Each structure stands twice: as C-alpha cells, then as structure tokens.
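Engineer: Sharing a structure here in structure tokens format.
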Amino acid sequence: MKGLTGMQGRITGPWGRWLTLLAWLAAAALLNLLAPSVHEEAVNRAPQLGRAEPSVQASELLAAEFPDGGGDPALFVWHRRDGLTDDDLEKIRTFIEMLSNQPVPYQAAVPPLHLLPPEAMKRELLSADGSTVMTPVFFAQDAPPDKWKEGVDEAKALAASLFGADPFAAPVDAPDGLSARVTGPVGVRIDASALFGQADKTLLTATVLLVLVLLLVIYRSPILAFTPLAAVGVAYMAVSPILGWMAREGWILAESQVLYIMTVLLFGAGTDYGLFLISRFRQLLREEADKGAALRRAFTDASGAIAVSCFTVTISLFALLAADYGSSWRAAVPLGVSILVMGLASLTLVPALLAIMGRASFWPFIPRTPDMPAGRAGRRNRPAPDPERPRRNLAGSLVVRRPLLIALASCVLLGALAAFAPQIRLTYDQLSSFPETIGSREGFAVIEEQFSPGDLAPMRVIVEAEDEASAAAAAQALAAHPGVERVSGPRAGQSNPNLRAYDVRLAVNPYAMEALRLVPEIRETAAQALRTSGEDGAESRVWIAGMTAELYDTKRVNERDIRVVFPLIIALIGTLLIVYLRSLTAALYLIATVILSYVSALGLGWLVLHHILGMDAIQGTILLNAFVFLVALGEDYNIFVISSIWGKSRRLPLRDAVKEGVGETGGVITSAGLILAGTFAVLAVMPIQMLMQIGVIVALGVLLDTFLVRPFLVPALTLLLGRRAFWPGRRELQV
C-alpha cells in the first residue's frame with residue numbers, strides 16, 4: 001500500500017497527471033496501430049472437447065475409416081403444408097443431382113437420392129402426410145462455420161434458381177407454397193455464428209449508454225459520468241489490440257461469446273473501481289480545502305481495496321485455466337488480462353483525470369468545505385446534493401441495533417431463494433437457445449413434427465468385431481434398445497475391415513438431456529452384445545460419434561470442471577483474503593456469504609427464467625461461469641465494506657466502526673452494484689439464450705450482494721463475532 005501511495009503522489013503531481021494521461025493515450029494508439037483488434041481475430045467455432053474424449057476419438061475414427069460418412073450433415077428440409085407436388089419432388093431430385101455432379105464449396109458428400117425412382121422416392125423420403133422431404137448434404141468436418149455458410153448459401157442460390165423463387169425465404173407455416181430450411185449440425189452452427197456476429201457493436205453501444213445513463217441519474221454530474229467511462233474506454237482500447245496480438249500469435253483463441261462477456265465485465269467492474277476512488281475523493285473534498293491532499297487521502301483509503309478486488313477477480317478468472325471445457329479455459333486469459341489492465345487504469349488513469357479536473361469533476365454540485373465560498377459572488381456555501389447521503393446510516397443503524405435478527409433474517413431469505421436451486425433443469429442443447437424464428441430451429445420443428453426427431457442428428461456407432469455375426473448381433477441389440485428408433489448400415493472400415501459403422505436414429509430429440517442419458521446405455525448395449533458373441537475387450541471396441549455423444553461428453557467435462565474449479569477459486573480467494581485482512585475468521589465468513597449468495601442467485605434466477613420467462617431449462621455451462629463472476633465480484637463488495645470497518649475499528653469501538661463503515665460505503669456500493677447489475681442485464685437482450693441466462697443470473701446475484709449481503713449480512717456477522725472476526729490478527733479491539 002505504501003508503494004501504491006508513493007506512486008499516486010507522482011501520478012497526480014503537476015506534471016505527472018498529464019504525463020499519465022498522455023502515456024495511456026499514446027499506448028492505446030500505438031497498440032491499435034501495431035496489432036489487430038481482438039474482434040478481427042475472433043472465432044465462432046472452436047473445439048470444446050480435448051482429443052482424449054470418447055466422442056472426439058470416435059469422430060476422428062469415423063473420418064479416417066468411413067470418409068463418405070465422415071462429414072457433418074446439413075439437413076435441407078422441404079415442406080409444403082398441403083403436400084409436396086410431383087413437380088416439387090422432381091426439382092428436389094434435380095437439386096440433389098446437381099450437387100452430386102458439381103459440389104458446392106466444402107461439400108464432402110451427398111447421398112445419391114436422385115437415383116431413386118419417383119415412386120421409391122415418395123415411399124422412402126416423404127413424411128406420412130406427404131408434406132415434407134428431408135435431404136442431407138455433408139460438409140467437411142474441419143471447415144469453420146463461415147466456410148460452411150459459403151457452401152450452404154451457394155446451394156440455396158441453386159435451389160432458388162431451380163424453383164423460380166427462394167423457398168428459404170418463404171414462411172414455414174404459409175397456407176400455400178414451398179418452404180425450405182437448413183438445419184442439422186451444419187445449419188445449427190452456421191446460425192450460431194451469425195447470431196454471435198450480429199451482436200458485437202449492439203452490445204458495446206447498449207453497455208456504454210446504460211452505464212452513462214445510470215451515472216447521470218445517480219450522480220447528476222456529466223463530468224463525473226464521463227470520468228470512469230473515459231478510463232474504461234482507454235483501457236478497452238488497450239486491451240483489444242493486446243488480446244488481438246496474442247490471438248494472432250496463436251497464444252490464445254478468442255471466442256466471440258467470451259468477448260461479449262469481456263465487454264460487459266470491463267465496463268461493469270471498471271466503473272465500480274473508478275467509483276470506489278471517486279466517492280472517497282468527494283467525501284474528503286468536504287473536509288479538505290486542498291484538492292491534492294484530498295485526492296492523496298482518497299487514494300490511500302481506497303487503493304488497497306481496489307487492488308485486492310482486482311486481484312480477486314483476476315485470480316478467479318485465471319483459475320479457469322484448470323478447466324477442460326474449451327470455452328471455459330479459453331476465457332481465462334482474455335478476461336483475466338482485461339481486468340488486470342482495467343485495475344491498472346483505475347489506479348493510475350482515474351487519479352490522473354481527477355487531479356486534472358479537481359472539484360470541477362462534480363459540477364454542477366461541487367463539494368466544498370464549510371468555510372469555502374459557494375460561488376463567485378461569495379454566497380453562503382450550500383451543501384451539494386449527495387446521492388449517497390439519504391441512505392447513509394439506515395443499514396448501519398439497523399445492524400448495530402439488531403445484529404442477530406438481521407443475520408438470521410438475511411440467512412433465511414437467502415436460504416429460501418437457494419431452496420429453488422435444486423429444481424433447476426439443465427440442458428446442453430444449443431438449438432434451444434436460438435430464437436424460434438431462426439432457420440435451423442424452424443427446420444428442426446418441421447422434422448420433429450413430420451419425422452423422428454432423431455433424424456436431426458443421427459448417432460454413429462462404430463464396433464470392431466472379428467466376425468460379421470458379432471457385429472450383426474451388436475446391431476440387433478442396438479435396434480432393440482427402447483430409446484432407438486431405427487438402425488441402418490453397416491458400412492465397413494476403409495483400412496480395417498473389422499470396423500463397422502451404424503447410423504442410429506434415436507426416438508427422442510438428440511440434443512435433449514434424455515438423449516444424453518442414452519449414450520452410456522447404448523455403448524454398454526453394443527459392448528454386451530460383443531461380449532456375448534465372445535469378443536475380447538468389448539468395452540474398448542465400441543465408439544459413438546455424433547452431436548449426442550459430443551453433448552454427453554460436454555456434460556461430463558463440465559461436471560468435472562465444477563468439481564475442480566469451484567474449490568480452486570475458493571482456495572485462491574481465501575488465501576488472498578487471509579493475506580490482506582490477516583484474519584482467517586473473516587476470510588471464512590466472507591467466502592461463506594458469497595457462496596450462499598451464489599446459490600441464492602441460482603434459485604432466484606430459476607424463478608425468473610422458468611416461472612416468469614417460461615424457459616424449460618438453463619444451459620449447463622452457465623453454472624461454472626456464474627460461479628466465477630458472482631463469487632469474485634461479490635467478494636469485491638465484501639472487501640470494500642470490510643476494509644472500511646477494519647480501518648475505523650482501529651480508533652472506534654466495533655459497533656461504531658460497523659455503523660460508520662456501512663454508512664461510508666453504502667452509497668458507492670449501491671451505485672456500483674446497480675451499474676454492474678445493469679451491465680450484465682444488457683446480456684438479457686441478446687438473441688442467444690445462453691448469454692441472456694447468464695446475464696439474468698449474474699445481475700440478480702449482484703443485486704443480492706448489493707442490497708442484502710453487503711449492507712446487512714456481512715456487517716451483522718462481523719459484529720456478532722466481535723474480536724473473533726479479527727482472529728488470529730489484531731487482538732486489541734474495543735468491543
């Protein structure tokens with residue numbers, strides 16, 4: 001802390017303040033000239049599972065041994081509500097023939113359905129009511145979604161020229177006319193890429209405007225509103241090329257959804273850090289005539305909490321490197337680096353800006369000491385309106401009067417919300433997170449209504465058997481499984497004739513949790529059939545590829561990550577708190593409160609998402625992401641309020657220290673909490689349901705921390721513990 005205070009003295013000096021500002025602006029400009037923006041290097045599809053996962057091994061084996069079936073399918077769904085005509089079917093047959101003869105870019109294969117006679121085509125391909133046909137086209141597995149889109153768009157253009165109108169633009173539920181949609185794994189990923197690509201500028205604009213409006217409403221000072229935003233903006237300009245350079249060098253892989261969260265996190269946390277210093281500066285300007293002295297005192301009081309809060313969030317984010325799921329560990333460096341840069345800006349650039357503007361930062365309500373004139377005419381000084389003052393002592397007074405009642409009531413309320421958390425239903429179905437009007441979801445709805453939902457993404461089961469009878473027995477066992485609609489094949493391996501691949505259509509939605517539970521059952525069913533046929537090592541002779549198997553492994557990997565990352569983050573934050581506060585007791589109960597707040601946020605989030613917004617499930621990967629943000633950001637507020645109480649307890653009885661500490665930090669934490677919750681709530685307007693869900697849960701969790709945990713529960717526990725709250729550190733204490 002002494003080092004930080006000494007640094008601040010140089011930064012806010014007559015020359016230092018301007019040099020600091022120019023250094024930040026020059027660094028941001030130079031970085032943007034030398035390195036690309038991270039958004040230029042962003043990707044929308046990256047491997048989420050490691051090569052050791054069974055579904056990945058199965059996909060590699062499928063591509064190597066069964067190249068004709070090794071691509072990812074795009075399902076072209078053709079639909080006419082009153083029934084497809086013979087002319088429709090003939091044009092669809094011509095469409096398939098043209099793709100067979102002249103493949104579109106990145107096309108791997110197309111089944112020769114055009115070779116079927118017209119009557120066989122009707123019998124084999126048409127739905128029961130004659131309204132729908134589904135034709136698959138396989139695309140190269142190693143191509144990214146933008147390359148798939150290039151091939152699919154060319155195929156769509158070909159279809160439009162054949163039909164004389166664009167069936168992909170026609171409404172699916174139109175009373176007359178042909179409609180077409182592209183779904184399946186390729187269609188789903190193309191739509192996911194498009195959704196992420198549309199949201200970047202919208203999210204940034206909405207976040208900036210929201211923070212600006214909240215600051216103006218709360219503080220009623222345009223200069224103050226722009227001060228933290230200016231610091232965040234400069235930090236953002238520096239972070240983007242740093243991460244872009246790292247991505248270009250191949251050190252990180254920047255995913256679009258991670259960059260959206262980074263934007264929200266930078267503006268939310270960065271504004272919070274700036275407000276911690278700004279609020280203390282304004283308080284001291286009412287006591288100090290010298291703005292420089294006031295700023296130095298403000299920095300001394302706030303810098304420790306800001307630095308520790310920044311480190312808390314940073315180490316929590318870097319703990320994601322221990323995760324196995326791709327999006328989780330890839331988020332660690334971009335988010336961690338962005339918070340580090342933002343923390344540095346809060347400790348250097350924000351003080352420099354405040355030193356340059358001084359009291360004018362708070363115009364038109366400029367804080368002055370009682371003996372300073374209010375204006376040029378020397379009128380009597382009137383106290384400037386203070387948005388923090390009306391609620392300054394309310395929470396503190398309640399806590400010191402009834403600490404036990406406050407603690408019990410807070411725990412009961414949080415516990416009641418947490419009781420809804422076990423009711424949460426999880427899903428790993430990416431398709432369900434799309435808007436209902438997007439093409440791949442509309443196409444799947446038609447498939448689900450007209451065919452078996454398993455046709456959307458067939459499961460590929462590969463078995464290795466010494467003789468054909470054993471493989472046939474495995475296929476018969478698979479077909480007899482109650483979760484299987486039908487089994488087709490086999491196809492023999494290209495270099496290993498003992499390998500046989502079967503297409504398995506499930507009787508349920510292949511993206512649903514019910515289908516995921518079938519994966520180990522189907523693997524065991526095939527292995528048991530091989531064992532019964534006398535095959536040795538049957539367990540290692542069955543591979544399952546396809547989206548259902550990938551989602552099952554995703555579920556298993558995420559559950560593993562939760563078991564590893566949760567305790568790692570708790571241990572890291574606990575260690576940092578012990579070092580900073582020199583109190584094991586305080587570290588324990590501060591961590592306990594944010595964990596309780598996290599579970600309560602999940603319960604409250606489920607109430608809102610399920611019972612109000614009507615969602616059947618939340619994305620399974622959200623549990624880990626929400627934990628990282630809520631535990632780290634919630635601990636930020638705990639650190640700030642407990643630092644104030646700790647400092648005041650050196651000269652005041654603990655009851656008075658708690659009352660004053662809660663009052664001193666109440667307004668700024670409330671303002672910061674509203675802004676942070678608001679920035680995450682911006683994600684709720686995103687077209688991707690996963691981002692909306694994490695935005696809702698984190699925003700609600702931040703509000704719980706802001707209005708319940710920080711002003712009531714933490715101070716009440718501190719007061720109830722008394723001297724024990726400082727154990728084993730300070731022993732002298734006025735209780």
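Residues checked against (1) surrounded by fewer than 23 Cβ atoms within 10 Å (Cβ to Cβ); (2) in contact (Cβ under 8 Å) with a residue 60 or more places away in the chain; (3) more than 33 Å from the chain's Cα centre (by Cα):
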{"position": "Asp290", "(1), (2), (3)": "yes, no, yes"}
{"position": "Ala294", "(1), (2), (3)": "no, no, yes"}
{"position": "Ala332", "(1), (2), (3)": "yes, no, no"}
{"position": "Leu349", "(1), (2), (3)": "no, yes, no"}
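Engineer: Does Ala180 meet the test of being open to solvent by 60 Å² or more (accessible area, probe 1.4 Å) and within 18 Å of Glu436 (Cα to Cα)?
Structural biologist: So Ala180 fails the test.
Engineer: If a residue must be open to solvent by less than 30 Å² (accessible area, probe 1.4 Å) and either at pLDDT below 85 or under 21 Å from Ala515 (Cβ atoms) (or both), how many such residues does the range 451-476 contain?
Structural biologist: 14
Engineer: Right, something else. Among helices (runs of 4 or more DSSP H) lying entirely in the range 82-166, which contain 2 or more residues that are of a type in the set (S, T, N, Q)?
Structural biologist: Counting at least 2 such residues, we get 86-101.
Engineer: Which one of the conditions (1) closer than 22 Å to Tyr511 by Cα; (2) open to solvent by less than 10 Å² (accessible area, probe 1.4 Å); (3) in contact with a Leu (Cβ under 8 Å, 6 or more places away or on another chain) does Ile544 fail to meet, given that it meets all the rest?
Structural biologist: Failing condition for Ile544: (3).
Engineer: Could you grab me the full set of residues in the range 481-504 that are surrounded by fewer than 18 Cβ atoms within 10 Å (Cβ to Cβ), among the hydroxyl-bearing types (Ser, Thr, Tyr) and part of a strand (DSSP E or B)?
Structural biologist: Listed by number, the list holds a single entry, Ser488.
Engineer: Checking Gly336 against (1) within 32 Å of the chain's Cα centre (by Cα); (2) in contact (Cβ under 8 Å) with a residue 40 or more places away in the chain; (3) surrounded by fewer than 24 Cβ atoms within 10 Å (Cβ to Cβ), which single condition isn't satisfied?
Structural biologist: (2)
Engineer: Continuing with this model, one more query. Just to be sure I understand the filter: pairs with C-beta atoms under 6 Å, separated by 6 or more residues or on different chains, first member in the range 430-450 and open to solvent by 30 Å² or more (accessible area, probe 1.4 Å), second member among the aliphatic types (A, V, I, L, M). Which pairs pass?
Structural biologist: What qualifies is Arg441/Leu431; Glu442/Val172.
Engineer: When only residues in the range 517-536 that are closer than 27 Å to Thr554 by Cα and charged (D, E, K, R) count, which is most open to solvent (accessible area, probe 1.4 Å)?
Structural biologist: Across the range 517-536, the extreme among qualifying residues is Arg517.
Engineer: I need the full set of residues from the range 369-383 which are at pLDDT 50 or above and open to solvent by less than 60 Å² (accessible area, probe 1.4 Å), in order please.
Structural biologist: Thr369, Met372, Ala374, Gly375
Engineer: Could you pull out the residue among Val608, Val557, Val565, Val579 that is open to solvent by less than 50 Å² (accessible area, probe 1.4 Å), in a helix (DSSP H, G or I) and farther than 30 Å from Pro54 by Cβ?
Structural biologist: On the way: Val557 fails: farther than 30 Å from Pro54 by Cβ; Val565 fails: farther than 30 Å from Pro54 by Cβ; Val579 fails: open to solvent by less than 50 Å² (accessible area, probe 1.4 Å).
Within the list Val608, Val557, Val565, Val579, the selection yields Val608.
Engineer: Still on this structure, please answer the following. Given the range 630-735, what helices (runs of 4 or more DSSP H) lie entirely inside it while holding 3 or more residues that are open to solvent by 30 Å² or more (accessible area, probe 1.4 Å) and under 30 Å from Leu426 (Cα atoms)?
Structural biologist: Fully inside the range 630-735 and qualifying: 689-704.
Engineer: Just to be sure I understand the filter: pairs with C-beta atoms under 6 Å, separated by 6 or more residues or on different chains, first member in the range 482-496 and in contact (Cβ under 8 Å) with a residue 40 or more places away in the chain, second member in a strand (DSSP E or B). Which pairs pass?
Structural biologist: Close Cβ pairs (under 6 Å, with a partner that is in a strand (DSSP E or B)) amount to Arg491/Ala501; Gly493/Leu499.
Engineer: Since Leu33 meets every condition but one in (1) modelled with pLDDT of 90 or more; (2) assigned to a loop (DSSP other than H, G, I, E, B); (3) not acidic (Asp, Glu), which condition does it not meet?
Structural biologist: Condition not satisfied by Leu33: (2).
Engineer: Would you confirm, using the coordinates I've provided, whether Ile242 is open to solvent by 10 Å² or more (accessible area, probe 1.4 Å) and either closer than 26 Å to Arg582 by Cα or not in a helix (DSSP H, G or I) (or both)?
Structural biologist: So Ile242 fails the test.
Engineer: Somewhere in the range 177-199, is a residue part of a helix (DSSP H, G or I) and over 32 Å from the mean Cα position of the chain (by Cα)?
Structural biologist: Looking through the range 177-199, none of the residues is part of a helix (DSSP H, G or I) and over 32 Å from the mean Cα position of the chain (by Cα).
Engineer: Before we move on, is Pro228 open to solvent by less than 10 Å² (accessible area, probe 1.4 Å) and over 14 Å from His39 (Cβ atoms)?
Structural biologist: Numbers: open to solvent by less than 10 Å² (accessible area, probe 1.4 Å): yes; over 14 Å from His39 (Cβ atoms): yes.
Answer is yes for this residue.
The values are calculated or read from the model by the stated rules, or taken from the named source; none is laboratory data. Quick caveat, the model's predicted, so the values are computed rather than measured. Note that we place each Cβ from the backbone using ideal geometry, even for glycine, and neighbour counts take in every protein chain shown. Ligands, DNA and RNA are stripped out before the accessible areas are found, and what is left, the full protein with its side chains, is counted by its heavy atoms. Shrake-Rupley method; radii C 1.70, N 1.55, O 1.52, S 1.80 Å.
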